[in-house]
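Here the structure is laid out as C-alpha cells; the discussion comes afterwards.
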Amino acid sequence: MDLNDFREEYNKAVLDTDRLPENPLTLFHQWLEEAIQSGQPEPNAMTLATVTQDNRPAARVVLLKEVAGDHFIFYTNYESQKGRELAANPHAALVFLWLDMQRQVRVSGPAEKVSTDKSDAYFAARPEESQIGALASPQSQTIDSRESLEKKFAALKTQIQEKTIERPKHWGGYQVKVEQIEFWQGRQNRLHDRFLYTKEGNHWHRQRLAP
C-alpha cells in the first residue's frame, strides 16, 4: 500500500466571504445541522486536545452534547486523563471533521466544569446502563482485565435494581468557551477556503487564511 496514491479532489462546496455571518456560531449550527441531515456518522464527534503536565499534546475523540451560547459542552470522568489535564491547564482545542462534506471546524478556548445542576440533569437523562458504566469504569486507570470490568458492571447492575442512580461526584460536564473558531471548506487544487473568527470583546473579528 502506497499512501501517496490516495488522492481526493475537494469540489463539493464553496465558503464565500459575502455569505459569512457576523457570528460564527450561526455558521457552526448550520454546518452541524447539515452534517446531521446528510447522515454523517457521529456528526457530533470532536477531537479534544489538551496539554499534559509535561507539556505534551494529548488528544482523543469525545461527543459534543450541547452548544450553549458560545460554549461547547461535553461530559466525562473528572478523574480521567483529560480531566486531570484540564484541571492543571484549562485550555482546550476541538476539531470537527465531516469528511463526506469536505469540512472541518477548529475551536480553541478555556474549559471549565458546568454547574452541578446541569451535570445532574444530563446524567439523569442517560440510559441506565450508561449511568452504571460511569460508576463501573475508573476511566484512564490501569485495570486487570475486561472480565474484571464486566464483573464490576454486573455487580453494580444487580445492586441498583431500578433504583435512581445518583451522578457520581467525579463525573460531569465541561464547557469550552469559544475564543477562536476556524471553518475549513475543501476546494479544488488544495486551494481550500479557511476563515478564522477571533473574539475581541463582544465582537468577532474575521479573517481569511491561506490554505
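Remarks
- Count of segment 147-178 residues which are charged (D, E, K, R) and in contact with an Asp or Glu (Cβ under 9 Å, 6 or more places away or on another chain): 5
- Filtering segment 123-143 to residues that are of a type in the set (A, V, I, L, M, F, W, C) and either touching a Gly at 6+ places or on another chain (Cβ under 6 Å) or touching a residue at least 40 places away in the same chain (Cβ under 8 Å) (or both) leaves Phe123, Ala124, Ala134.
- Residues located in segment 1-46, provided they are at pLDDT below 95, outside any loop (DSSP other than H, G, I, E, B) and over 26 Å from Glu179 (Cβ atoms): Leu3, Asn4, Asp5
- One residue from Arg208, Arg190, Arg146 being more than 26 Å from Leu25 (Cβ to Cβ) and in contact (Cβ under 8 Å) with a residue 24 or more places away in the chain: Arg190
- The set of residues from segment 6-52 being under 19 Å from Arg194 (Cβ atoms), open to solvent by less than 30 Å² (accessible area, probe 1.4 Å) and small (Gly, Ala, Ser) comprises Ala13, Ala35.
- Looking only at residues in segment 153-211 that are β-branched (Val, Ile, Thr) and in a strand (DSSP E or B), the one that is farthest from Glu112 (Cα to Cα) is Thr198.
- At least 2 residues being open to solvent by 80 Å² or more (accessible area, probe 1.4 Å) and within 30 Å of Gly186 (Cα to Cα) is the threshold, and among the strands (runs of 3 or more DSSP E) wholly inside segment 53-146 those reaching it are 57-63, 91-98.
- So Ala59, is it touching a residue at least 12 places away in the same chain (Cβ under 8 Å) and within 30 Å of Phe195 (Cβ to Cβ): yes
- Scanning segment 1-26 for residues that are among the aliphatic types (A, V, I, L, M) and more than 12 Å from Gln185 (Cα to Cα) gives Met1, Leu3, Leu20, Leu25.
- Candidates Gln159, Gln185, Gln131 - the one that is farther than 17 Å from Glu79 by Cα and at pLDDT 90 or above: Gln185
The values are calculated or read from the model by the stated rules, or taken from the named source; none is laboratory data. Just so you know, these numbers come straight off a predicted model, no measurement behind them. Here Cβ is always computed from backbone atoms with ideal geometry, including for glycine, and neighbour counts include all displayed protein chains. Quick note on the areas: whole protein, heavy atoms, side chains included, nothing else; ligands and nucleic acids left out. Shrake-Rupley method; radii C 1.70, N 1.55, O 1.52, S 1.80 Å.
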